[in-house]
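Written out below as structure tokens is the structure these notes cover.
The values are calculated or read from the model by the stated rules, or taken from the named source; none is laboratory data. Please read all numbers here as calculations on a predicted model, not as lab measurements. Here the Cβ positions follow ideal geometry from the backbone for every residue, glycine too, while neighbour counts run over all protein chains shown.
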Amino acid sequence: MNFAFSEVAVQAGEAAREVLREAASGAARRAFGAGVDAALWARVRGLGWLGAAIPEAFGGSSLGEEGLCLIAEALGESLAPVPFAGGAYVAAPALLRFGSAAQQARWLPGIADGSVAAAWALSEGPGAPEARAVGTVFRDGALTGVKWPVVDGTLAQLALVVARDGAGEVGVYLAPLEGVSREALAGLDPSRGVARLAFERAPAELLASGWSAVEAVLARAAVFVAFEQLGGAHRALMMARDYALERQAFGRKIGSFQAVKHKLADVYVAIELARSHAFYAVWAMMAEAPDFLRAAAAARVAATRAFEMAAAETIQVHGGMGFTWDSDCHLFYRRSKHLALCLGGIGYWKDILVRTLEQRNAA
Amino acid sequence: MDFEDSPEEAAFRAEASAFLEREAPGFGGRGDVAAAKAWQGTKAEAGFAGITWPRRFGGRGGTPMQQVIWNQEEEKYQVPRGVFEIGLGMCVPTVMAYAEAAVCERLVGPALRGETIWCQLFSEPAAGSDVAGLRMRAEREGDGWRINGQKIWTSGAHFSDFGLLLARTDPSVPKHRGLTMFFVEMGSPGIEVRRIRQISGESNFNEVFFTNVWVPDGQRLGEVGDGWRVALTTLMHERLAIGSLPGPDFEDLLTLAQEIAIEGAPAIGNAAVRERLADWYVQSQGLEYTKWRAITALSRGQMPGPEASIYKLVSARKIQDLSGFALDLLGEAGLAAGGRFAEAWLQSPGGRIAGGTDEILRNIIAERVLGLPGDIRLDRDKPFNA
Ligand SMILES: Cc1cc2nc3c(=O)[nH]c(=O)nc-3n(C[C@H](O)[C@H](O)[C@H](O)COP(=O)(O)OP(=O)(O)OC[C@H]3O[C@@H](n4cnc5c(N)ncnc54)[C@H](O)[C@@H]3O)c2cc1C
């Protein structure tokens, strides 16, 4: 049994962490309002991380999904405010899985070098992802409808839009965003941009058809995002640990109070269980295992819970200081909810998890 | 990443599973001590007992990875093995680490072949989590020791032949420093075993009274006053057992939720039920994958550290919650249900206490993994009898 990452992947993750330690320091805060740190984004583009899981033929580095996962973990740990996910986690895996040769040749090189930032456009307002909530239509080679919120929607060049065709069938469409009207929205995590996109007969083409394709795209993205969540959760836990070792109350370190120790032990347990699920999910993705959708859902549920728990308890351990604008605690708190919602909330994924178990038992 | 065995591992697995396929069905479903002894003997004869133990004591001289593979294969059969877990898992390895060769030669082989059973005599009425606070007194007398006091919660003492005994040899020094480890023959004059009835109604553990029990100095393990360090060896072996606690698992609950109806439809369609099922899947399957990570580390020669506390902490609680929820799903019928969920629910509180309570395990993670300060110990540096 070798349930561990390859040496190259581990090195890529460590190298990313090393770069981000300085390059991303303070970046999330600087990005407030803008939703991106331009200097950091330029740096990240230059490092080739976006193409980690893209074949060399399309300008990628063929490092592989394992490597991309550990880069994602480093990005999550540093709260890097860059439009990385839409291209690297959503669009590229979707194009590699479903795209025609022409679509791959047209889009993958730009995603790999960062000249094309991509956005995932499924949501049309409140509610969990579901086929019947899709009101955007595709007719005569063009999309019409309103999508919001769309992460990185204002700066992306390409969107993967979920829409319905004339026959009512839902699918994923590739839509260049030139000429599409976009409005920036105030984000829950202001270091990440969200927007409202109004498509009005915007040219687009079909990438993949059927709700199961939508879920397949979401599931791949969920695995990579789980690693960002793990990175964020781990960093939040370490911040709490460090503060608990420094802050004194009642004549002792607050880290010596069991209420604090046991809380942090519980966070540690949640993170380790989530890490194990994420490991399995990346394996299942690479091996195209029949239980991949379930594995992705479990990884998503576990990682979401771990990051949200870690971020909330970190504020708690920091006391009043943790509630201030100037402390970094709220950056993690905000990011934890941003990542929890960006591919559909936890309830949606729990339902997928149980549904796939029912399907397995029925088979 | 892959889940394949190496060629050597695969060969061992094939050998193990062929043996099990041939021999295990004959022991299926039997839980009595005699059957357990017979099964242990059968394993030993074929070289599947003491897989990591040295050959000179009758072990296989194999790797921890082979032990894991053996456990995985053996778990597929309902063979009786529980009565040996404490002895072969913790007590005898401690003997091998500290006793002289002649003593090992005399004791290890019979234990391995299932001819003798060992129990762990650590906990006392006044010393459980804080086991170093124990009072059982061992006083020097000639070329041996005179032992008086009481142990409690000793699993299997009523059918054990030997016990690993932690006793106080010097009450005038701080508690951790005045302890010494011995092994004792449970048939020695002055030892009295009394069964204790558990909440489930069964009696698997005991009180053990020592009245002027004579133990020769040759049965001492480690130096006088070094018992705490020896005890840590025993407790470390607990971590190597990357097994699973017995009891209903997630799949049993899933099946129940598909069978039971709520408002005329299978319970699994109920949103609240689905939510809980998803949570437990994440817990139980997450633990399984965490074991795979530990096994990977083990196969690379790394020994499990304090992070291994996660297994029992998560699984003991999970069995309690999961079986309790299964009873809830049964509704009023749960009132009358015997069966595995009721049984597991009654057993489960013990799992959260035995072998380190939930709270002690959280302390271990907080202190030894996360590096937070130890608890304040008011008695640590004081002489025990002060
Ligand atoms: C089924 C079963 C089998 C057992 N088998 C054996 C055996 O074979 N041999 C043997 O030697 N022992 C055995 N034990 C004993 C077991 O190791 C002890 O019960 C256990 O260590 C707890 O000790 P205690 O019962 O004295 O509880 P206590 O230590 O008194 O604990 C009571 C409560 O206080 C909490 N507590 C104690 N200290 C702390 C702390 N520092 N921080 C926070 N909370 C704390 C505990 O978590 C617990 O909730 C067995 C127990 C059970 C239930």
For the stretch B:72-87, state whether one or more residues are within 16 Å of the ligand (Cβ to nearest atom), of a type in the set (Ser, Thr, Tyr) and more than 14 Å from chain A (Cβ to nearest Cβ).
no
Being out of contact with any His (no Cβ under 9 Å at 6 or more places or on another chain), in the same structural domain as B:Glu141 (by TED's automatic domain parsing) and at positive phi narrows it down to one of B:Gly201, B:Gly247, B:Gly178, B:Gly163, so name that one.
B:Gly201
Give me the pairs, please: first residue somewhere in the stretch B:363-377 and in a loop (DSSP other than H, G, I, E, B), second residue anywhere and among the basic types (Lys, Arg) and more than 10 Å from the ligand (Cβ to nearest atom), beta-carbon distance under 9 Å, and either six or more positions apart or on two chains.
B:Leu370/A:Arg241; B:Gly371/A:Arg241; B:Leu372/A:Arg241; B:Leu372/A:Lys253; B:Pro373/A:Arg252; B:Pro373/A:Lys253; B:Ile376/A:Arg252
Answer yes if at least one residue in the stretch A:236-247 is at the interface with chain B (Cβ under 10 Å from one of its Cβ atoms) and within 28 Å of A:Trp283 (Cβ to Cβ), and no otherwise.
yes
Scanning for something of a type in the set (Gly, Ala, Ser), surrounded by 13 or more Cβ atoms within 10 Å (Cβ to Cβ), within 14 Å of the ligand (Cβ to nearest atom) and more than 21 Å from B:Gly247 (Cβ to Cβ), does the stretch B:357-380 turn up at least one residue?
yes
The condition of being surrounded by fewer than 16 Cβ atoms within 10 Å (Cβ to Cβ), away from chain A (no Cβ under 14 Å) and either in contact with a Cys (Cβ under 6 Å, 6 or more places away or on another chain) or under 23 Å from B:Gly89 (Cβ atoms) (or both) holds, among B:Ile319, B:Ile353, only for B:Ile353
Kindly provide the set of residues from the stretch B:145-167 that are surrounded by 23 or more Cβ atoms within 10 Å (Cβ to Cβ) and in a strand (DSSP E or B), ordered by number.
B:Trp145, B:Ile147, B:Lys151, B:Thr154, B:Phe162, B:Gly163, B:Leu164, B:Leu165, B:Leu166, B:Ala167
Quick check on the stretch A:299-310. Is at least one of its residues within 24 Å of B:Glu275 (Cα to Cα), without any contact (Cβ under 8 Å) to a residue 24 or more places away in the chain and either surrounded by 22 or more Cβ atoms within 10 Å (Cβ to Cβ) or acidic (Asp, Glu) (or both)?
no
Those residues of the stretch A:275-289 which are part of a helix (DSSP H, G or I) and more than 7 Å from chain B (Cβ to nearest Cβ), in sequence order:
A:Arg275, A:Ala278, A:Ala281, A:Val282, A:Ala284, A:Met285, A:Met286
For B:Gln67, indicate whether it is away from every other protein chain (no Cβ under 14 Å) and either among the hydrophobic types (A, V, I, L, M, F, W, C) or closer than 27 Å to B:Gly355 by Cα (or both).
no
Number of the condition not met by B:Gly351 [criteria: (1) closer than 23 Å to B:Ser123 by Cα; (2) more than 10 Å from the ligand (Cβ to nearest atom); (3) of a type outside the set (S, T, N, Q)]:
(2)
Return the pair list, or none, for Cβ contacts closer than 6 Å from residues in the stretch B:274-296 that are assigned by TED's automatic domain parsing to the domain that holds B:Asn71 and in contact (Cβ under 8 Å) with a residue 60 or more places away in the chain to residues that are of a type outside the set (Val, Ile, Thr) and surrounded by fewer than 21 Cβ atoms within 10 Å (Cβ to Cβ), at least 6 apart or on different chains.
none
Residues in the stretch B:357-370: is at least one in contact with a His (Cβ under 7 Å, 6 or more places away or on another chain) and aliphatic (A, V, I, L, M)?
yes
Out of A:Leu339, A:Leu331, A:Leu353, sole residue that is in a helix (DSSP H, G or I) and within 14 Å of another protein chain (Cβ to nearest Cβ)
A:Leu353
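Please find, among B:Glu100, B:Glu105, B:Glu73, the residue that is outside the structural domain of B:Tyr289 (by TED's automatic domain parsing) and either modelled with pLDDT under 90 or surrounded by 21 or more Cβ atoms within 10 Å (Cβ to Cβ) (or both).
Step by step, each of B:Glu100, B:Glu105, B:Glu73 is checked, and only B:Glu73 is outside the structural domain of B:Tyr289 (by TED's automatic domain parsing) and either modelled with pLDDT under 90 or surrounded by 21 or more Cβ atoms within 10 Å (Cβ to Cβ) (or both).
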Go through the residues of the stretch A:252-262 one by one and say whether even a single one is among the hydroxyl-bearing types (Ser, Thr, Tyr), within 14 Å of another protein chain (Cβ to nearest Cβ) and within 20 Å of A:Cys329 (Cα to Cα).
no
Do we find that A:Gly13 is in a helix (DSSP H, G or I), surrounded by fewer than 22 Cβ atoms within 10 Å (Cβ to Cβ) and among the small types (Gly, Ala, Ser) in this structure?
no
Condition broken by B:Gly334, with the remaining ones in (1) assigned to a helix (DSSP H, G or I); (2) within 16 Å of the ligand (Cβ to nearest atom) satisfied
(2)
Does B:Phe209 qualify as being within 16 Å of the ligand (Cβ to nearest atom) and in contact with a helix residue (DSSP H, G or I) (Cβ under 9 Å, 6 or more places away or on another chain)?
no
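Table: residues versus (1) more than 21 Å from B:Asn212 (Cα to Cα); (2) away from the ligand (no atom under 12 Å from the Cβ); (3) within 21 Å of the chain's Cα centre (by Cα).
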residue	(1), (2), (3)
B:Glu115	yes, yes, yes
B:Leu121	no, no, yes
B:Glu124	no, no, yes
B:Leu134	no, no, yes
B:Asp143	no, yes, no
B:Asn148	no, yes, no
B:Thr154	no, no, yes
B:Phe159	yes, yes, yes
Suppose the filter is within 30 Å of B:Glu332 (Cβ to Cβ), more than 8 Å from chain A (Cβ to nearest Cβ) and not in a loop (DSSP other than H, G, I, E, B); does B:Ala257 pass it?
yes
Here are some residues: B:Gly114, B:Gly50, B:Gly89, B:Gly59. Which one is in a helix (DSSP H, G or I) and touching a residue at least 12 places away in the same chain (Cβ under 8 Å)?
B:Gly89
Looking for something over 30 Å from A:His277 (Cα atoms) and away from chain A (no Cβ under 14 Å) - is there at least one such residue anywhere in the stretch B:3-12?
no
Exclusive hit being among the aliphatic types (A, V, I, L, M), surrounded by fewer than 17 Cβ atoms within 10 Å (Cβ to Cβ) and farther than 28 Å from B:Leu298 by Cα, set B:Ala271, B:Ala257
B:Ala271
